Amino acid sequence: MSAPRGFQHGVDMRVQIAGIEFPNPVLAASGTFAYGIEFEEIVDLDRIGGFVTKGISREPLPGNPAPRLIETAAGMVNAIGLQNIGVEAFIAEKLPPLARCKCPVIVNVFGFQLQDYLAVIRRLNDTEGIAAYELNVSCPNTHAGGIAFGVDKASLADLVAHARHYSRRPLIVKLSPNVTSIAAMARSAESAGADAISLVNTFVSLSIDIETRRPRLTNVTGGLSGPAIKPIAVRMVWEAAQAVKIPIIGMGGIATAEDAVEFLLAGAAAVQIGTASYADPRAVEHIGSSLAQWCSRHHIAKVSDLTGGMQTGRE
Ligand SMILES: Cc1cc2nc3c(=O)[nH]c(=O)nc-3n(C[C@H](O)[C@H](O)[C@H](O)COP(=O)(O)O)c2cc1C
């Protein structure tokens with residue numbers, strides 16, 4: 001007899017975030033899992049915790065010219081440039097087949113002006129089959145001279161408050177790690193109405209080919225992800241968890257169940273897997289099931305009991 005949905009290896013793997021029940025806390029991260037449906041033949045979409053689509057904008061975007069992705073020590077740097085098919089094609093082509101999958105589908109939304117974000121949200125509000133929106137605030141705000149929404153507290157609060165007003169679905173705000181105080185940004189998102197926050201997005205970086213003396217990416221700079229960023233990401237999740245009461249979804253370099261446990265102990269209610277899916281397209285499924293085994297071995301009956309369980313030794 002198979003275990004009821006949400007139970008694996010005798011462990012209750014279900015987590016609740018912003019009113020959504022996830023069958024387990026391991027989700028696929030935006031930009032590394034296409035629109036989700038492309039993974040249907042490789043990954044059992046009914047067994048994973050959920051996934052976040054590639055970022056969706058008002059109009060289609062071709063992305064940056066190649067090279068736009070390079071490997072670095074323990075990670076990679078990408079400057080994909082938010083390539084996507086745009087909200088109308090997403091609704092027409094990707095959303096209908098996604099109705100087949102049982103796990104929650106989160107749509108990542110971005111724009112270059114406040115109105116772009118709101119247009120995508122308002123258009124998606126009319127559709128079925130979406131559990132929540134994740135706002136990518138790491139985009140250059142063209143009204144603020146190209147400074148990312150997510151690095152300025154006032155721009156972030158303004159964006160989140162407007163998005164909250166128009167959104168008919170839970171709103172997860174994905175914070176940029178390229179800030180001095182992640183706690184201040186987390187508080188700003190929470191006070192403006194975010195239902196949850198996710199972090200971290202990639203770290204701005206630069207890699208140079210010393211022979212040609214040129215940047216390795218056509219875009220010059222890109223975002224660093226993968227195991228190289230994990231300890232910084234865990235620290236940021238912990239700081240954010242001290243600062244807010246809303247749930248946190250943690251990510252950054254997770255490649256094993258043990259990595260995921262670190263994020264949960266730091267205060268995350270769930271995690272996302274990004275770069276690891278490049279090495280193993282089934283990483284999300286594998287990490288979810290290993291996490292259940294880890295909990296079973298450690299006599300943890302409910303995975304949600306791990307959240308915030310770090311002991312600093314200063315208690
Ligand atoms: C190739 C690539 C594309 C990405 N595209 C997006 C995106 O469209 N929107 C977004 O919010 N994050 C995007 N990200 C960031 C990831 O979702 C994740 O926050 C980051 O990579 C850290 O997790 P990881 O170390 O597990 O990859 C992208 C990351 C990569 C590597």
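Taken together, the values in this text are just the output of simple stated rules run on the coordinates, not laboratory data. Because the structure is predicted, anything quoted here is derived from the model rather than measured. Cβ: placed from backbone, ideal geometry, glycine included. Neighbour counts: every protein chain shown.
Label separation (ASN219 vs SER296): 4.1 nm, computed from points 7 Å beyond Cα along the C-beta direction.
Here the convex hull built on the C-alpha positions of the chain has a volume of 137 cubic angstrom per residue.
Between SER191 and ALA144, what FRET efficiency follows from the Cβ-Cβ distance if R0 is 22 Å, with the result rounded to 0.05? So the FRET efficiency works out to roughly 0.65.
Near ILE273: Cβ cut-off under 10 Å, other residues only, Lys/Arg at +1 and Asp/Glu at -1. The net charge is -3. On the basis of the beta-carbon distance and an R0 of 45 Å, SER304 and THR180 show a calculated FRET efficiency of 0.90.
Sorting MET251, MET310, MET76, MET185 from the fewest to the most surrounding beta carbons within 10 angstrom yields MET310, MET76, MET185, MET251. Taking other residues whose beta carbon is less than 11 angstrom from the beta carbon of PHE110, and scoring Lys, Arg as +1 and Asp, Glu as -1, yields +1. Under a 5 Å amide H cut-off, with hydrogens placed 1.01 Å from N, LEU69 pairs with ALA79 among residues at least 5 apart or on other chains. Rounded to the nearest 20, the Cβ-based charge dipole of segment 98-223 about its Cα centre (Lys and Arg +1, Asp and Glu -1) stands at 200 debye. Volume of the convex hull of segment 38-118 (Cα atoms only), normalised per residue: 138 Å³. In a DSSP loop and with at most 16 other Cβ atoms within 10 Å, the trypsin sites (Lys or Arg not before Pro) in segment 49-143 are ARG100, LYS102. Local charge for ILE208 was computed over the other residues whose Cβ lies under 9 Å away, with Lys and Arg +1 and Asp and Glu -1, and equals +2.
Annotation: the residues ASP126, ASP280, ASP116, ASP195, sorted from fewest to most other C-beta atoms within 10 Å of their own C-beta, follow the order ASP126, ASP280, ASP116, ASP195.
With N denoting the number of residues in segment 167-246, provide Rg(C-alpha) divided by 2.2 N^0.38 Å, to two decimal places.
On the way: Rg = 15.8 Å, N = 80, 2.2 N^0.38 = 11.6 Å.
So segment 167-246 has a normalised radius of gyration of 1.36.
The 3J(HN,Hα) values that the Karplus relation (6.51, -1.76, 1.60; θ = phi - 60°) gives for segment 97-104 are, in residue order, x, 5, 4, 5, 8, 8, 7, x Hz. Gly and Pro appear as x. Put a plus charge on the Cβ of each Lys and Arg, a minus charge on the Cβ of each Asp and Glu, and nothing anywhere else: the dipole of the chain about its Cα centre is then about 400 debye.
Out of all Cα-Cα pairs in segment 1-88, roughly what percent, to the nearest whole number, are more than 19 Å apart?
On the way: 2154 of 3828 pairs.
When every Cα pair of segment 1-88 is considered, 56 percent fall beyond 19 Å.
The value of relative contact order for segment 7-306, using C-alpha pairs under 8 Å at least six residues apart, is 21 percent.
Quick one: grab the alpha carbon gyration tensor of segment 59-207, order the square roots of its eigenvalues as a ≥ b ≥ c, and give me rounded if a/c is under 1.5, else prolate or oblate depending on whether a/b is larger than b/c. It is oblate, given that a/c is not under 1.5 and a/b is not larger than b/c.
Here SER304, SER188, SER205 are placed in order of increasing Cβ neighbour count within 10 Å, fewest first, which gives SER304, SER205, SER188.
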